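Shown next, in structure tokens, is the structure this report addresses.
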Amino acid sequence: SAGPRPPPGGSGRPPSPGGAGASLPSPSPPSRAAGGRGSPAAEQESPPGSRFVCTSLPLDAAGTGCPLPPVPMQGGALPPEEELKATVLQLRETVLQQKETIGSQREAIRELTGKLSRCEGADGKSATGAWKNEVGKGKDTMGDLPRDPAQVIDQLSRTMQTLKDRLESLEHQLRANVSYAALPGDLREMLQRRLGDLERQLLSKVAELEDEKSLLHNETSAHRQKTETALNALLERVSELEKGNSAFKSPDEFKVSLPLRTNYLYGKIKKTLPELYAFTVCLWLRSSASPGIGTPFSYAVPGQANEIVLIEWGNNPIELLINDKVAQLPLFISDGKWHHICITWTTRDGMWEAFQDGEKLGTGENLAPWHPIKPGGVLILGQEQDTVGGRFDATQAFVGEMSQFNIWDRVLRAEDIMNIANCSINMPGNIIPWVDNNVDVFGGATKWPVETCEERLLDL
């Protein structure tokens, strides 16, 4: 005999889903489709000899589609984050409800398709006869069954088509409400996981911004400190310029001032001389001391305090001493004006030359011939040494100013000396150059910015 009869006049609609904010309902058995469904036993494969009674659905029983359940709005004003969370929860439940509805409709279609296939099978005649037998015995299991099998099949086809249209409508609405087509099995878990990932990314970005802010603050503090240090250095430099102490536009633009005749004012050259077989010494000086300007410079070595000395002592003419040998030079420089002095010497025959303001005023020979200048001594500006680096005599001290003290290890040409004197070229000494960090002053001697070379020329 046929399976249990479905209740007549089944609605074919699933139970209405709960509202937004409710807990997710556990999946319930699909609702009975239009036309009725049998019990779980009837859904399984019918044993041989079973029969199905097919009937048509009323035309007004098939709707054009299942509208989505309305999404209730949360009452009251909520913060944007809470409103977004509520909307996400509503969307989750709506998607789950739509999936349940689609599953129910698909099962109904599969059942009806199976029954229709049986009705249209090769054994259609026996099925028709069985319907007639059932009808004749008064067992109308599907309600008001039409007597024409062709009409039954046509109505079933229309019903199945209506259900397919409703299914497509539901799928279309689902795609419209959800931005992605394929949904995971557990939508709630996936959305929570994504929300967690977004939250972690947001926190990470906030941490990065905090780190950048801290780094920027540290860099700003360091930059401020550097700026303050630079400003302080500039202020100190300005103070030095205002006072005139070691304030030189370039390392060689300074002069040493020795204003008193004492035995404790002097300057010292930090570098020493190598062994020399010839030399040229040039310097600018200004003095009006009397009697005699004193000792502009002296070079002493162990065993010989007068290795090289330039001195004007008392009423004597200016003299050049090499290895304690003396040559008188025809120079006149005690008029209180700037003068450029150059002296050349070579060990070959003891030849020497004396230049004043670029002009050669005298020459001679046999001044310590074949005597090389000994290395490792001490060069003093403004004092004559009786021992290496000391025992100064105030009566021999230089009084005045000097600048551009340079020494070369060769005899310069007369043209080069002239060009240096008239400010045409600047030739620092290759053995002793005149630079600020190579000259120390002691006892009250000072270093000041020097007049320009052109200004010194005007003073001649």
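The values are calculated or read from the model by the stated rules, or taken from the named source; none is laboratory data. Just so it is clear, the model here is predicted, and its values are computed rather than measured. Cβ coordinates were reconstructed from backbone atoms using ideal geometry, including for glycine residues, and neighbour counts include every protein chain displayed. The accessibility values were calculated without ligands, DNA or RNA, using every heavy atom of the protein model including side chains. Shrake-Rupley method; radii C 1.70, N 1.55, O 1.52, S 1.80 Å.
The figures follow:
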| quantity | calculated |
| --- | --- |
| Residue within the stretch 321-328 that is touching a residue at least 24 places away in the same chain (Cβ under 8 Å), assigned by the TED database to the domain that holds TYR264 and under 60 Å from the mean Cα position of the chain (by Cα) present | no |
| The stretch 306-326: number of residues that are assigned to a strand (DSSP E or B), open to solvent by 10 Å² or more (accessible area, probe 1.4 Å) and touching a strand residue (DSSP E or B) at 6+ places or on another chain (Cβ under 6 Å) | 5 |
| Subset of the stretch 421-438 [β-branched (Val, Ile, Thr) and touching a helix residue (DSSP H, G or I) at 6+ places or on another chain (Cβ under 9 Å)] | ILE425, ILE432 |
| Inter-residue pairs, beta-carbon under 7 Å, first basic (Lys, Arg) and in the stretch 449-460, second open to solvent by less than 60 Å² (accessible area, probe 1.4 Å), 6+ apart | ARG456/TRP284; ARG456/TRP338 |
| Residue list for the stretch 413-435, filter: open to solvent by less than 50 Å² (accessible area, probe 1.4 Å) and within 18 Å of TYR299 (Cβ to Cβ) | GLY429, ILE431, ILE432, PRO433, TRP434 |
| Qualifying residue in the stretch 396-403 (condition: open to solvent by 50 Å² or more (accessible area, probe 1.4 Å), assigned by the TED database to the domain that holds VAL435 and either of a type outside the set (Ser, Thr, Tyr) or at positive phi (or both)) | no |
| Count of residues meeting criterion [of a type in the set (Ser, Thr, Tyr), under 14 Å from LEU265 (Cβ atoms) and open to solvent by 50 Å² or more (accessible area, probe 1.4 Å)] in the stretch 438-455 | 0 |
| Among the residues listed as THR272, THR280, the single one being among the polar types (S, T, N, Q) and either part of a strand (DSSP E or B) or buried (at least 18 other Cβ atoms within 10 Å of the Cβ) (or both) | THR280 |
